[in-house]
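Please treat every number below as a calculation from the coordinates, not as lab data. Everything numeric here is computed off the predicted structure, so don't read it as measured data. Heads up, the Cβs are rebuilt from the backbone with ideal geometry, glycines too, and the neighbour counts pull from every protein chain shown.
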Ligand code: NAD
Ligand code: TYD
């Protein structure tokens, strides 16, 4: 099994690389990442001398790079994590989201056709379904829920899903898609709610909560997302979409309070700020297809996972300090030189 993992220097991609190398002793991984602001090669530094791992810096929008890489390495599976991933940034400037999240996926799909890969897996998100009302806890996103994205980010992810399904139907490309709920865990860029709140709380800085903090997200430990993708690669049906989640709905205020409590910080740090434009109210995944068809279930209980995650950020301050002060960019340059 030789897998091209795109976006491997980001949060979930890097966790997936470690998961797959550990779980499958025969697996080889080729990692492609443009090292945007969100990609950090330091996360993959322990793999520098790993013979089953190769890192290539490059953009999924670059046809020559992608075609050359698939042709040279003969990867039989492609898993695409590469994307612009932050909703707030997509509200500031949607263009790069369309480039990476839509046009980049088209390049990957074309290359997979050209080289006859056995599986293209698109890592999508539950945000393609839009949102659910706060007063209907009985409603969940199923794979049949119509796509109804709210933000430029989720609109580009929905577009990529449609393209991927069209390549399955029209060209017979063996495509699978997973739509996962919000992830948390180590190596998440400190602009997202959980790592940003931890970083601010540790520094006794105000913790920003959008609107009233009543929006609900459905949280899944990143390792459980990785195991779900692994199961889909093993036994998922081409052309299918799989919803991934663990029924862990929390309001943003609950998340922030949990973090402050765990770090022994006062709730007076909570600062309500202007709400996000178009802010989705509630995400909630029905993951029953993953359970019934593939026998997958999440293993990390939220209370354990969030405690471990908070401890990880407390113990790995250099990782996110380097990111926040920009010095990781120099590190990326030096790691990449000569490779
Ligand atoms: P991230 O922002 O942490 O990482 C994205 C990675 O992709 C970075 O390393 C970046 O350098 C790379 N990248 C961006 N544009 C690229 C391009 N054009 N070419 C090559 N590399 C590029 O994101 P993440 O949170 O790890 O998310 C990974 C994927 O999972 C995304 O597709 C996202 O939509 C999806 N997803 C994320 C979550 C979540 O909670 N974080 C939940 C469901 C789905
Ligand atoms: P985020 O981590 O950006 O993920 P997403 O928007 O993809 O769900 O945000 C999670 C929730 O937390 C979302 O409802 C917005 C909110 N939020 C805050 O209240 N404060 C913050 O500083 C951030 C980054 C997010």
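Calculate the FRET efficiency for residue 274 and residue 118 from the Cβ-Cβ distance with a Förster distance of 35 Å, rounded to the nearest 0.05.
After rounding to 0.05, the efficiency reads 0.15.
Among the DSSP beta bridges whose two residues both lie in the chain, what percent are antiparallel, rounded to the nearest 5?
Taking every DSSP beta bridge with both residues in the chain, the antiparallel ones total about 10 percent.
Roughly how compact is region 119-168, stated as its Cα Rg over 2.2 N^0.38 Å to two decimals?
1.24
Can you tell me what percent of all Cα-Cα pairs in the chain are more than 33 Å apart?
Roughly 22 percent, once rounded to a whole number.
List 142, 125, 6 from most exposed to least, where exposure is judged by having the fewest other Cβ atoms within 10 Å.
Neighbour counts put them in this order, fewest first: 142, 125, 6.
Would you kindly give the portion of the calculated P(r) for region 124-240 that falls above 18 Å, as a percent of all Cα pairs?
That tail contains 63 percent of the Cα-Cα pairs.
Starting from the Cα-Cα distance between residue 24 and residue 48, subtract it from 0.36 nm times their residue separation and give me the gain in nm to one decimal.
My answer for the length gained is 6.8 nm.
Can you tell me how region 220-327 classifies by the Cα gyration tensor, rounded, prolate or oblate, using a/c under 1.5 as the rounded cut?
Since a/c reaches 1.5 and a/b is larger than b/c, the shape of region 220-327 is classed as prolate.
Can you tell me the alpha carbon radius of gyration of region 1-135 divided by the globular rule-of-thumb value 2.2 N^0.38 Å?
This ratio for region 1-135 stands at 1.07.
Between residue 315 and residue 299, what is the spin-label point distance in nm, taking each point 7 Å from the Cα along the Cα→C-beta axis?
1.8
In Å, the Kirkwood hydrodynamic radius of region 86-169 over pairs of distinct alpha carbons?
14.0
Among 18, 242, 129, which one moves the most in a GNM of the chain with springs linking Cα atoms closer than 10 Å?
For the chain, modelled as a Gaussian network with Cα springs under 10 Å, the answer is 18.
With the Cα gyration tensor of region 68-118 in hand, give its eigenvalues times 5 under a square root as the equivalent ellipsoid semi-axes, listed largest first in whole angstrom.
Each semi-axis is the square root of five times an eigenvalue, giving 27, 10, 8 Å.
Fully extended, how many nm does the chain gain between residue 324 and residue 202 (0.36 nm per residue separation, minus their Cα-Cα distance)?
42.5 nm
Taking only the alpha-carbon positions of region 175-237 and ignoring solvent, what does the Debye formula give for the base-10 log of I(q)/I(0) at q = 0.19, 0.25, 0.28, 0.29 Å⁻¹?
Those come out to -0.82, -1.10, -1.22, -1.25, one per q.
Multiplying the sequence separation of residue 307 and residue 134 by 0.36 nm and subtracting their Cα-Cα distance, what value in nm do you get?
Additional length available on full extension: 59.6 nm.
Can you compute the helix-only [θ] at 222 nm over the chain? Use -39500 (n - 2.57) per DSSP H run of at least 4 residues, normalise by all residues, nearest 500 deg cm²/dmol.
-12500 deg cm²/dmol
What does the C-alpha gyration tensor say about the overall shape of region 22-91? Classify as rounded when a/c is under 1.5, otherwise prolate if a/b is larger than b/c, or oblate.
Verdict is oblate for region 22-91.
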